[in-house]
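Just so it is clear, none of the values below were taken in a lab; they were calculated from the coordinates. Predicted model only: the values in this text are computed from it and were never measured. Positions of Cβ are generated from backbone atoms using ideal geometry, with glycine treated the same way; all protein chains shown enter the neighbour counts.
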Amino acid sequence: MTKLNSLHEERQAFDVIVVGAGFSGLYLLHKLREEGFSVVVLEAGTDIGGTWYWNRYPGARCDMRSVEYSYSFSEDIQRDWNWTERFATQPEILSYLDFVAERLDLRSGIEFNTSVTAAHFDPAGAMWTVRTQDGVERKARYCIMATGCLSASKLPEIPGIDEFAGEIYHTGRWPHQPVDFAGKIVGVIGTGSSGIQAIPCIAEQAGKLFVFQRTPAYSVPARNAPLSEDFVAKWKAEYPSLRAKARETRSGALWDYGTKSAMEVSAEEREAEFARRWADGSANFLYAFNDLVRDPDSNEAAAAFVRARIAEIVHDPATAKKLTPVNYPIGAKRICVDSDYFETFNRDNVELVDVKADPIKAITRAGVKTAAKLFPVDILVFATGFDAFTGALGAIDIRGVGNLSLRAAWEHGPKTYLGMTVAGFPNLFLITGPGSPSVLGNMVVSIEHDVEWITACIAMMRKKHLSVIEANPEAQEQWVEHVRHVADGTLYYKADSWFIGANVPGKPRVFMPYVGGVDAFQRECREVVAEGYRGFHLA
Ligand code: NA7
């Protein structure tokens, strides 16, 4: 029996229970310990990493620059860790988190293989009771859901998935052992970010690869490259000011934010700017002008530029046409960032199947059956995404005051105050929940913000001898309205994306992240505190 287990058997009550040991849970553990709180982190996986633990598919890589997609809270850590590539691979990010966990002795505070099934609030004692799959109950004054925005992976509702006789994988639940694609006939369903990263790697190994595409994606080249020692040294020397600068931007990242409308400049200037950014690579493309997600004409100019590049790259005109996104604005679904995705369709062993034109009817023992044809495959890869924002929370039976369940409270779409708290659920906090910028910017910047805001809040409660904090329903309504209002002025509603829950049948169509900007969001959170936790009931 480990030391931790014996400790918990003696004492199953904590100041704080944290669910999830990804970027959020790890920093929470450190920060709360620093403040002197007793805390345990419960993690379903066998180790740390969250998103980067589960998404081990070939080609998995972050599309935020590695020097920015990393913790800023520790001078030592950012000085001692060296990123090797412009965009870090999944294994490198996991090594980084391992380095952080070792440095801060984090594993000693985490219980692995521990899946949370329920969390109930008892108003009488102002305590949360958190139950895990093994039936064990732990109590804590505060419960923090660090469960991730994209953690509930989703298989599509296609009949017959269980019938398939070959190997079957979801990119978001990839096995720890490498999958051997050599010489095999492989089918990949889904062409979002995960599919677009995995497809070129699988194509290099497979005997034959069928790509089943429902909606063509806008994708820009990553132009990944090794980082020179000079670059890393320079970046490190300026870390404090660069990190501070990033927090003051709308995406929490140092993109090159264009300050003009795309319609304000000549066609030549516009084209040159897009070309410059395309050549340089990354999602920086989408920041070329200040109105690409707002103005339909500006957006169309950017979309047309990408379409023209697809036509140039892909040799077969019919395949190029199928790969070309036409019916929705660029950026309305999260933009994909690739390494040789479109080029992959020039390979002899890769075939694109347009399942919008010829829909998948079933998975059979042999493979994928569309209306017109059966595609026999040895290995089937689902790159079909996640029940984003609410999926992981909905999987837990969370109950607040009056036994109100979070699932019921969010029946018509998630409602939060500042993305971190929910009316009716005292002493419950969410990290980068719905109604916060989360996936629209640098996740690590938003995670650090939320962790620090929540830790400071809990420390304030202790200092003032308070035991209950709860968002007021009115403050929550106003925030929800504000989140909706800022999204209304954008083109985000013009695509069936996971931003609005469109990828999950029956999910309410609500734009979930906060599009008002990381800078504006953090300012608002600071003001709420400065005004004595405006919008909260404290007792
Ligand atoms: P996404 O972006 O949700 O992509 C899922 C893909 O799977 C997308 O192309 C879907 O097509 C496709 N899909 C889903 N269901 C089906 C069915 N039934 N038939 C055919 N195709 C289907 O998930 P990712 O994992 O790629 O990326 C999620 C985020 O994770 C990403 O943005 C990064 O932030 C990390 P559709 O577009 O719905 O027609």
* Structure fact -> The size of the Cβ-based charge dipole (Lys, Arg +1; Asp, Glu -1) of the chain about the Cα centre, to the nearest 20 debye, is 720 debye
* To do: Would you work out which of Phe375, Leu440, Pro296 lies farthest towards the positive end of the dipole of the chain? Charges go on Cβ: Lys and Arg +1, Asp and Glu -1.
  => Phe375
* Taking the C-alpha atoms of the range 218-361, convex hull volume expressed per residue in Å³ -> 155 Å³
* Which pairs, out of Lys333/Lys373; Lys322/Lys356; Lys139/Lys415; Lys321/Lys361, put more than 19 Å between their alpha-carbon atoms? -> Lys333/Lys373; Lys139/Lys415; Lys321/Lys361
* To do: Take the Cα coordinates of the range 201-296, assign each an equal point scatterer, and use the Debye formula without solvent to give log10 I(q)/I(0) at q = 0.17, 0.19, 0.21, 0.24 Å⁻¹.
  => -0.98, -1.08, -1.15, -1.28
* Asked: What residue among Gly148, Ile310, Ser70 has its Cα farthest toward the positive end of the dipole of the chain, where the charges are +1 on Lys, Arg and -1 on Asp, Glu, each on the Cβ?
  -> Gly148
* Return an integer: the convex hull volume of the alpha-carbon atoms of the range 1-116, in Å³ per residue. => 108 Å³
* **Alpha carbon convex hull of the range 384-442, projected area averaged over orientations, nm²** => 4.5 nm²
* Quick one: which residues, 5 or more positions from Gly385 or on another chain, have an amide H under 5 Å from its amide H? H modelled 1.01 Å from N in the peptide plane, none for Pro or chain starts. => Lys154
* Structure fact -> Per principal axis, largest first, the Cα atoms of the chain extend in Å by 69, 56, 48
* **Whole-Å semi-axes of the range 486-539's equivalent ellipsoid (Cα gyration tensor)** => 30, 15, 7
* **Cα gyration tensor shape of the range 77-224, rounded if a/c is under 1.5, else prolate or oblate by comparing a/b with b/c** => oblate
* **Mean shadow area of the range 253-305, taken as a quarter of the surface of its Cα convex hull (nm²)** => 3.3 nm²
* Asked: How big is the charge dipole of the range 190-254 about its Cα centre, in debye rounded to the nearest 20, if each Lys and Arg gets +1 on its Cβ and each Asp and Glu gets -1 on its Cβ?
  -> 260 debye
* Structure fact -> Here the range 40-47 yields Karplus 3J(HN,Hα) values (6.51, -1.76, 1.60; θ = phi - 60°; whole Hz; Gly and Pro given as x) of 10, 10, 9, 10, 5, x, 8, 7
* Assigning unit charges at the beta carbon (Lys, Arg +1; Asp, Glu -1) and nothing else, what dipole magnitude in debye, to the nearest 20, does the range 102-142 show about its Cα centre? -> 100 debye
* To do: Determine, at each q value in 0.18 (inverse angstroms), the log₁₀ of I(q)/I(0) that the Debye formula gives when each Cα of the range 141-257 is one equal point scatterer.
  => -1.12
* Structure fact -> The correct pair for the range 417-471, radius of gyration to one decimal and Dmax as a whole number, both in Å and from Cα atoms, is 11.8, 37
* Structure fact -> Projecting the Cα atoms of Thr117, His170, Trp128 onto the charge dipole of the range 111-203, where Lys and Arg contribute +1 and Asp and Glu -1 at Cβ, the residue farthest towards the positive end is Trp128
